[in-house]
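**Student:** Input: one structure, supplied below.
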Amino acid sequence: MNAERRVVVLISGRGSNLGALLEARLPLQVVAVISPRADAAGLGLAQVRGIPTRVIPAEGYAGRTDFDQALQQAIDGFAPDLVVLAGFMRILTPEFVAHYQGRLVNIHPSLLPAFPGLHTHRRALAEGVAVHGCTVHFVTPELDRGPIVAQGVVPVVFGDDEATLAARVLSMEHRLFPYVLRAWAESRWVLGADGQVRWRDDSREQNLRLLWAGEFQ
């Protein structure tokens, strides 16, 4: 493990993306998993691997600002290089986002900028799109509008409903997120001063954002 690449993961529920990250045996150290919910199943995934966990119950604070300050304090205690939102279902305050500028990434279940926010699969089907997918992006104060790191694409199949499409996208998330974090740990992409992500491959610099299932290595 590379002690210089420390990651804190934030979750709200079952932690399936966290599980995919842990199963991938990435060349980085997950130093903590934090959730606002004590019943989040993903906490157990961390605990069985000896990863420290923390619960910051949202109902214990007067508002978003107080909660985010407590969350920030907990995260900073682990001195992470990157904070990863893996199914963390809260909108963060601008002050929190600014504190982690350039160090806060999220995975969203759509091909941003299409379908930001909730109910992405339902909306994709309603629009009749031919492809759908997921996006790893940096978090900024504007919801789901931060710089894109990479996207995973899946087809929308005739007869799909919200559940079948969601399952196909989730499977892609479980491939894309470890791919992106492995590449980060290997310094294969960086966030430039211009706010754009640059991927490095064979000594070349390029914008590598769109990935189909067969392209993962």
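**Student:** Check off (1) of a type outside the set (Lys, Arg); (2) more than 24 Å from Trp184 (Cβ to Cβ); (3) part of a strand (DSSP E or B) for Ala126 and give me the number that stays unchecked.
**Tutor:** Unmet for Ala126, out of (1) of a type outside the set (Lys, Arg); (2) more than 24 Å from Trp184 (Cβ to Cβ); (3) part of a strand (DSSP E or B): (3).
**Student:** Has region 95-112 got at least one residue that is farther than 17 Å from Gln196 by Cα, in a loop (DSSP other than H, G, I, E, B), open to solvent by 30 Å² or more (accessible area, probe 1.4 Å) and of a type in the set (A, V, I, L, M)?
**Tutor:** No, because not a single residue in region 95-112 is farther than 17 Å from Gln196 by Cα, in a loop (DSSP other than H, G, I, E, B), open to solvent by 30 Å² or more (accessible area, probe 1.4 Å) and of a type in the set (A, V, I, L, M).
**Student:** Could you pull out the residue among Ala40, Ala46, Ala32 that is assigned to a loop (DSSP other than H, G, I, E, B), over 19 Å from Leu176 (Cα atoms), modelled with pLDDT of 95 or more and open to solvent by less than 10 Å² (accessible area, probe 1.4 Å)?
**Tutor:** Testing whether each residue is assigned to a loop (DSSP other than H, G, I, E, B), over 19 Å from Leu176 (Cα atoms), modelled with pLDDT of 95 or more and open to solvent by less than 10 Å² (accessible area, probe 1.4 Å) leaves just Ala40.
**Student:** Taking region 120-152 only, how many residues are more than 17 Å from the chain's Cα centre (by Cα) and open to solvent by 20 Å² or more (accessible area, probe 1.4 Å)?
**Tutor:** 10
**Student:** For region 110-128, state whether one or more residues are more than 27 Å from Ala150 (Cβ to Cβ), touching a helix residue (DSSP H, G or I) at 6+ places or on another chain (Cβ under 9 Å) and without any contact (Cβ under 8 Å) to a residue 60 or more places away in the chain. Show your work before the answer.
**Tutor:** In the first step, residues of region 110-128 are kept if they are more than 27 Å from Ala150 (Cβ to Cβ); the result is none.
No - not one qualifying residue is present in region 110-128.
**Student:** Another question, if that's okay. Does region 155-171 hold any residues that are open to solvent by 10 Å² or more (accessible area, probe 1.4 Å) and either aliphatic (A, V, I, L, M) or in a helix (DSSP H, G or I) (or both), and which are they?
**Tutor:** Val156, Val157, Glu162, Ala163, Thr164, Ala166, Ala167, Arg168, Leu170, Ser171
The values are calculated or read from the model by the stated rules, or taken from the named source; none is laboratory data. The model shown is predicted, which means the values in this text are computed figures rather than measured ones. With ideal geometry, Cβ positions are generated from the backbone for all residues, glycine too; neighbour counts draw on all protein chains shown. In case anyone asks, the SASA skips ligands and DNA or RNA and just uses the protein heavy atoms, side chains included. Shrake-Rupley method; radii C 1.70, N 1.55, O 1.52, S 1.80 Å.
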